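Notes follow the structure.
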Amino acid sequence: MNNIPLHPKRGLDPHLTYCQRCGGEASELTVGDVRKITNTGEGTDHGKVAYANRGETRKLADKLGWYNYSVDEIPEGERLPASEPCEGCREELAKFKAVVEDGGVYWSCKECHQSGVIKPSDYANAVRKSAGVEKPKPVGVAFDVCKDHATQEQSDVPTN
């Protein structure tokens, strides 16, 4: 799109952004008449949200495979998701990467949605052996419930 679609009443309609990873402030600013697209169809994407400039919503919905969706105007002052993690999250992700390259493994929990890394350990070695992935290549494990990851030797790098 070559032109920024102006909002009919608010013109450039700037919106501050938030980090999609931690929810904190991000350093990006959006301008233009941005719309929120919500998938109202069935399936795993039901209720998911995406954002596009006015005039581009159908194109994005088609690209996502959403055939039933709603399009809503963004209220003035509402923060929008940033396209990149904030500086703090980028630093944390770099630390995670270093731990994993040293023989650790990524982890995530399906129940609480936390994620992090497990330092090189017998458990990390067992995960790598089971997956057939040697360091420095990345590998991870997903826990179904919190009690499973609470018992593992986790990194001192903070979790998300």
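Bear in mind that the values in this text are calculations on the coordinates, not laboratory data. None of these values were measured; they are calculated from a predicted model. Glycine gets a Cβ as well: all are built from the backbone with ideal geometry, and neighbour counts include every protein chain shown.
Key figures
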read-out: Added length on full extension, which subtracts the Cα-Cα distance from 0.36 nm per residue, LEU6 to ALA126; value: 37.7 nm
read-out: Computed magnitude of the charge dipole of the chain (debye, nearest 20; Cβ of K, R +1, Cβ of D, E -1); value: 340
read-out: Extreme residue, positive dipole direction of region 47-160, given options SER115, ASN125, CYS146 (C-beta unit charges); value: ASN125
read-out: Karplus-derived HN-Hα couplings along region 48-55 (A = 6.51, B = -1.76, C = 1.60, θ = phi - 60°), whole Hz, x at Gly and Pro; value: 5, 10, 9, 10, 8, 5, 3, x
read-out: For THR17, residues with placed amide H under 5 Å, excluding near neighbours; value: ALA26, GLU28, LEU80
read-out: Phi to ³J(HN,Hα) by Karplus 6.51 cos²θ - 1.76 cosθ + 1.60 over region 5-14, Hz, x for Gly, Pro; value: x, 7, 5, x, 10, 9, x, 5, 6, x
read-out: Per-residue [θ]222 nm for the chain (sum of -39500 (n - 2.57) over DSSP H runs n ≥ 4, rounded to 500); value: -7000 deg cm²/dmol
read-out: Exceeding the 24 Å Cα-Cα cut-off - candidates LYS63/LYS95; LYS36/LYS59; LYS9/LYS48; LYS48/LYS137; LYS95/LYS135; LYS36/LYS63; value: LYS63/LYS95; LYS9/LYS48; LYS48/LYS137
read-out: Length gained when the stretch ASP102-ASN68 is fully extended (0.36 nm per residue, less Cα-Cα span); value: 7.7 nm
read-out: Dipole axis of region 15-81 (+1 Lys, Arg; -1 Asp, Glu on Cβ), positive-most option in GLY65, ILE37, GLY23; value: GLY65
read-out: Simple spin-label estimate for HIS113 and LEU29 in nanometres, 7 Å along Cα-Cβ; value: 2.9
read-out: Under 5 Å, built H, 5+ apart or other chain: amide partners of TYR51; value: ILE37
